[in-house]
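The structure appears below as structure tokens.
The values are calculated or read from the model by the stated rules, or taken from the named source; none is laboratory data. Computed from a prediction, not measured in an experiment: that's the story for all the values here. Please note: Cβ atoms are built from the backbone with ideal geometry, for glycine as well, and neighbour counts cover all protein chains shown. These accessible areas exclude ligands, DNA and RNA; they are computed on the full protein's heavy atoms, side chains included. Shrake-Rupley method; radii C 1.70, N 1.55, O 1.52, S 1.80 Å.
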Amino acid sequence: MDCLFCKIIAGEIPSKKAYEDELVYAFHDIDPQAPVHILIIPKEHIKSADEITAENSAVVAHIFEVAAKLAKENNLSADGYRIVTNIGEAGGQTVKHLHFHLMGGRNFTWPAG
Ligand code: 5GP
Ligand code: ZN
């Protein structure tokens, strides 16, 4: 499949790994928008959060478990941080493989742009 993040998981495109297990891969964003900007993705190709079903939703719980662990490792927990997933064109999703942005190390504004 012609998917950038599937190629990153396969090691065909290099990335800076933050965490890996049998279900998920986490790596540093190539264009960080915060001092810490890690992408956490399922190894299974899921297009976006809009494709979550009863069959594949368990990996999302696992991703949030990994996110909390990475937040602690990066000393983000005391100040707080943000987890974002963009969905489709209006949501600003550019890579069509489900990913959660774990961002921290600065203050964020709300509402999102
Ligand atoms: P989206 O806009 O789809 O929510 O997020 C895609 C993210 O992937 C962007 O933050 C972008 O910087 C990141 N990205 C795109 N291509 C690459 C790449 O080849 N390597 C890494 N590490 N990040 C990438
Ligand atoms: Zn993919």
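Local charge sum around His97 (other residues, Cβ-Cβ under 12 Å, Lys/Arg +1, Asp/Glu -1)? Mind showing how you got there, number by number?
On the way: positive: Lys7, Lys43, Lys47, Lys96; negative: Asp2, Glu44, Glu51.
Once positives and negatives cancel, what remains is +1.
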Applying the Karplus parametrisation 6.51 cos²θ - 1.76 cosθ + 1.60 with θ = phi - 60° to the phi angles of segment 2-16, what ³J(HN,Hα) value in whole Hz is obtained for each residue in order, glycine and proline being reported as x? 8, 10, 4, 6, 4, 5, 5, 4, 6, x, 6, 10, x, 8, 8
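Once you list every other residue whose beta carbon is under 12 Å from the beta carbon of His37, what net charge do they have if Lys and Arg are +1 and Asp and Glu are -1?
Numbers: positive: Lys16, Arg82, Arg106; negative: Asp29, Asp31.
For residues surrounding His37, the net value is +1.
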At a probe size of 1.4 Å, how large is the accessible area of Thr53, to the nearest 10 Å²? 60 Å²
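Taking a 1.4 Å probe, which of Ile83, Ile30, Ile41 shows the most accessible area, and what order do the others take after it?
Numbers: Ile83 60, Ile30 170, Ile41 0 Å².
My answer, sorted largest first, is Ile30, Ile83, Ile41.
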I need the phi-derived Karplus couplings for segment 88-104: 6.51 cos²θ - 1.76 cosθ + 1.60, θ = phi - 60°, integer Hz, Gly and Pro marked x. x, 4, 5, x, x, 7, 9, 10, 8, 9, 2, 8, 10, 7, 9, 10, x
If amide hydrogens are placed 1.01 Å from N in the peptide plane, which non-local residues have theirs closer than 5 Å to the one on Ser48? Leu98
Which value, in debye to the nearest 20, describes the size of the charge dipole of the chain about its Cα centre when Lys and Arg Cβ atoms bear +1, Asp and Glu Cβ atoms bear -1, and nothing else is charged? 340 debye
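Hey, any idea what the orientation-averaged projected area of the convex hull of segment 7-113's Cα atoms comes to, in nm²? Working shown, then result.
Values: hull surface 27.9 nm².
It is 7.0 nm².
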Trypsin sites (Lys or Arg not before Pro) restricted to segment 72-113 and DSSP loop, no more than 13 other C-beta within 10 Å: Arg106
Candidate lysines for bridging to Lys7, where Cα separation is under 26 Å - those fewer than 8 sequence places away on the same chain excluded: Lys16, Lys17, Lys43, Lys47, Lys69, Lys96
Give me the angle, in degrees from 0 to 90, between the Cα long axis of helix 58-73 and the longest principal axis of the Cα atoms of the chain, rounded to the nearest 10. 30 degrees
Heavy atoms of Phe64: accessible area, 1.4 Å probe, square angstrom to 10: 100 Å²
Choice from Glu51, Glu20, Glu89 with maximal GNM fluctuation in the chain (Cα, 10 Å cutoff): Glu89
In segment 52-74, whose amide N lies under 13 Å from the spot 7 Å out along Cα-to-Cβ of Lys16? List them in ranges. none
Using the charge dipole of segment 1-102 (Lys, Arg: +1 at Cβ; Asp, Glu: -1 at Cβ; taken about the Cα centre), state which of Tyr25, His45, Ala68 has its Cα farthest towards the positive end. Ala68
